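Report on one structure; see the data block that follows.
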Amino acid sequence: MNKFYIETWGCQMNEEDSEKLSGMLKKLDYTKTENREDADLIIFNTCCVRENAELKVYGNLGLLRKLKNKKPELIITVCGCMMQENDMAKAIRKRFPFVDIIMGTHNIQMFPEYLKKVKEDRKAILEIWDKEESIVEGLPIDRESTMKAFVTIMYGCNNFCTYCIVPYVRGRERSRKPEDIENEIKKLVAEGYKEVTLLGQNVNSYGKGLEEEINFAGLLRRVNEIPGLERIRFMTSHPKDLTDEVIKAVAECDKVCEHIHLPVQSGSTKILKDMNRHYDREYYSSLVKKIKEQIKGVAITTDIIVGFPGETEEDFLETLSLIEEVRYDSAFTFLYSIREGTPAANLKDQIPEDVKHDRFNRLVETVNRICAEINKDYEGKTVEVLVEGKSRTDENKLMGRTRTGKLVNFEGSAENVGKLVNVKITKAQSFSLVGEEI
Ligand code: 5AD
Ligand code: SF4
């Protein structure tokens, strides 16, 4: 039987695309392997949001050259966001001529056809679709987890933050029909799934352009009604579009978890303006205040970029002070990375690497200290955990997450994998909690 190996870089959108590719391959009687050397087909699903992600792809492709020499029948496929960048696919073809299939993010549904063609006439395929087509429903999907599932509710982004390449590679916003989303989730529940994460670059603008009048708050309420589903999560929320109606829906819907991922990017109003974020520091602060008042026990997490062009020490200190004010449960922290083709790439005042790194270190220190302080508050409390399986750090323990998204390693009964249990937290660590099932 044929074996495939798939490596995924980047966000949950890419992970979901890889699950779809796996689903298509399983239908073609391929089985998955975790070992590249064993594979008859290797897929790299790439990300281009920062330069680092691209460097990893180049490095890994370089390593495949030897493998392909040893095993000429090996089929190599490169896909994902990086392929949608101007001239990137051609550059990959030139530099790594042994790649068999190059495709983009808008045509993954064509993969079985490309694969068949390559096998038949052994000619390389390069096909990138520039324009997003209408949404393709019903692709098979082979999910990593048997209890938690990502469900994309909208594709693309219309925001054009000046640092970001996503709108150029993922296209404009398109929402899935609510009944398609609902049916997918009902099917998941019937298969035993307990938790869904509704995905989109900006879930708060869900519904625009659909025939049926519905917004994100409405969708949350509708999904909340699905019997047997236990937990609903969602990401990502652009602060400018997070309405009172959504906050109210999160507060009122029992299945919607108390966690909002609310990327701030910077605490400085001047930098936010240059980033084209459409909000200022005051607006963001008051939004967080409102969320905390209305959603009891909410965890707030964020994305932060340091070293955006023109960022002064004062601007950076504003970011630090905002972190102290909001007290994030966790934050993804990034060094600004120039992305050709985005407006910020042409800004004059780029920040020297050493300054960026110094700020990054101070940022991480602040984020981690607060995260550890928040975790400490969990000691002695009892929390609901969805049991995912064996702990990765201790064979004898189980692991799962709280509604607020905290990772818990705990002593408990393996019979409860896939179920919700109550866990008493005995000890807080910097990035996780330790406890015992009660
Ligand atoms: N440089 C650094 N970080 C970036 N992000 C997006 N583009 C860039 C870039 N050019 C970050 C943002 C976004 C997250 C997914 O990636 O913080 O929210
Ligand atoms: Fe990129 Fe901004 Fe769209 Fe997020 S909202 S994907 S950061 S352009």
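The values are calculated or read from the model by the stated rules, or taken from the named source; none is laboratory data. None of these values were measured; they are calculated from a predicted model. Neighbour counts run over all protein chains shown; Cβ positions are idealised from the backbone, glycine included. All accessible areas refer to the heavy atoms of the entire protein, side chains included, with ligands and DNA or RNA removed. Shrake-Rupley method; radii C 1.70, N 1.55, O 1.52, S 1.80 Å.
Sites listed here are GluC sites (Glu not before Pro) in segment 183-219 whose DSSP assignment is loop and whose Cβ has at most 11 other Cβ atoms within 10 Å: GLU191, GLU211, GLU212, GLU213. With springs only between Cα atoms under 10 Å, which of CYS157, CYS47, CYS253 fluctuates most in a Gaussian network model of the chain? Sorting by GNM fluctuation, first place goes to CYS253.
Between ASP29 and GLU213, the contour length at 0.36 nm per residue exceeds the Cα-Cα span by 62.1 nm. Ranking of SER205, SER330 by solvent-accessible surface, largest first: SER330, SER205 (1.4 Å probe, protein heavy atoms only, all chains present).
For TRP129, the accessible surface of its heavy atoms amounts to roughly 60 Å² (probe 1.4 Å, protein chains only, rounded to the nearest 10).
Given the whole protein assembly as supplied and a 1.4 Å probe, what does the accessible area of ASP280 come to in Å², nearest 10? Using a 1.4 Å probe on the heavy atoms, I get roughly 60 Å².
Taking a ≥ b ≥ c as the square roots of the eigenvalues of the Cα gyration tensor, an a/c ratio of 1.5 or more together with a/b no larger than b/c marks segment 80-176 as oblate.
On full extension, the segment bounded by SER145 and GLU325 gains 61.2 nm, given 0.36 nm per residue less the C-alpha separation.
For a quick check, take a GNM of the chain with Cα springs below 10 Å and name the residue from HIS106, HIS278, HIS259 with the largest mean-square fluctuation. For the chain, modelled as a Gaussian network with Cα springs under 10 Å, the answer is HIS278. Sorting TYR155, TYR114 by solvent-accessible area of protein heavy atoms yields TYR155, TYR114, largest first, with a 1.4 Å probe. Modelled spin-label separation between THR243 and ASN396, with each label point placed 7 Å from Cα along the Cα-to-Cβ direction: 5.3 nm.
Rolling a 1.4 Å probe over the heavy atoms of the protein chains gives the chain an accessible area of 46 Å² per residue. By accessible area, using a 1.4 Å probe on protein heavy atoms only, the chain has 49% of its surface on carbon and sulfur. The modelled label-to-label distance for the pair GLU252/MET1, using points 7 Å beyond Cα in the direction of Cβ, is 4.9 nm. Under the rule a/c < 1.5 gives rounded, and otherwise a/b versus b/c splits prolate from oblate, where does segment 3-127 land using the Cα gyration tensor? It is rounded, given that a/c, with a ≥ b ≥ c, falls under 1.5. Summarising the label geometry, the points placed 7 Å from Cα in the beta-carbon direction at ASN69 and GLN429 lie 4.2 nm from one another.
The trypsin sites (Lys or Arg not before Pro) of segment 150-195 that DSSP puts in a loop, and whose beta carbon has at most 14 other beta carbons within 10 Å, are ARG172.
Applying the criteria of a DSSP loop state and at most 16 other Cβ atoms within 10 Å to the GluC sites (Glu not before Pro) of segment 136-181 yields GLU137, GLU144.
Using Cβ point charges alone (K and R +1, D and E -1), the dipole size of the chain about the Cα centre works out to roughly 900 debye. In this structure ARG95 has an accessible area near 130 Å², from a 1.4 Å probe over the protein heavy atoms. Backbone N atoms of segment 14-51 closer than 15 Å to the 7 Å Cα→Cβ label point of ILE338 belong to residues 50-51.
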